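Below: one structure, written as structure tokens.
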């Protein structure tokens, strides 16, 4: 898809890009991403700003101990990478991954800075969007933190049992609760609490202290994972 076709198909985006200089427009690239595509990764050097018009994204931090902390979910138009570029930081603050199919306009960071210095409307739009995202993140931080530990545990169970489920074997996790907690970087108490919640909702079965999952439960766990993003 050419940038002209992309802009013409989206009225809001057309208004936003009205003040973009022609020399910058020529350097922009329209990209389409499938679900679970990583646009930017934590600690990498920012090279581009992505204007996301269609799709849903999630922002998360992934730590060396395997812990994943989801900090926000973004919908509608957003500017991925703008925070780092505008603050002159040389590392991406958090990874951004697509939840659904997404369409984006990729702009080299130097050209984005040049554009925003010349376009008052763009500067206001970016400022409002960043402020709105920070407000929503701060307001719902407790809920997102809670969801992040459940997301981490459910992801672990799905990945650990994937091969057994596909091969039709009896799927269970033999690791003790403390081993799971250590591997995921979550407290033992949190792991036990989340396992109880999964058991009470019928998403897992506990037999002789081990986590068992049948094929139907496995599908429901995947659905639950998608609800947590």
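Taken together, the values in this text are just the output of simple stated rules run on the coordinates, not laboratory data. All values derive from a computational prediction rather than experimental measurement. All Cβ positions, glycine included, derive from the backbone under ideal geometry; neighbour counts span all protein chains shown.
If the segment from residue 174 to residue 101 were pulled out straight at 0.36 nm per residue, it would be longer than the present Cα-Cα gap by 22.7 nm. Shown is the FRET efficiency for residue 123 and residue 29, computed with R0 = 30 Å from the Cβ-Cβ distance and rounded to the nearest 0.05: 0.85.
Subtracting the Cα-Cα distance from 0.36 nm times the residue separation, let me have the gained length for residue 190 to residue 42 in nm, one decimal.
Working: separation 148, 0.36 × 148 = 53.28 nm, distance 2.53 nm.
Length gained between residue 190 and residue 42: 50.7 nm.
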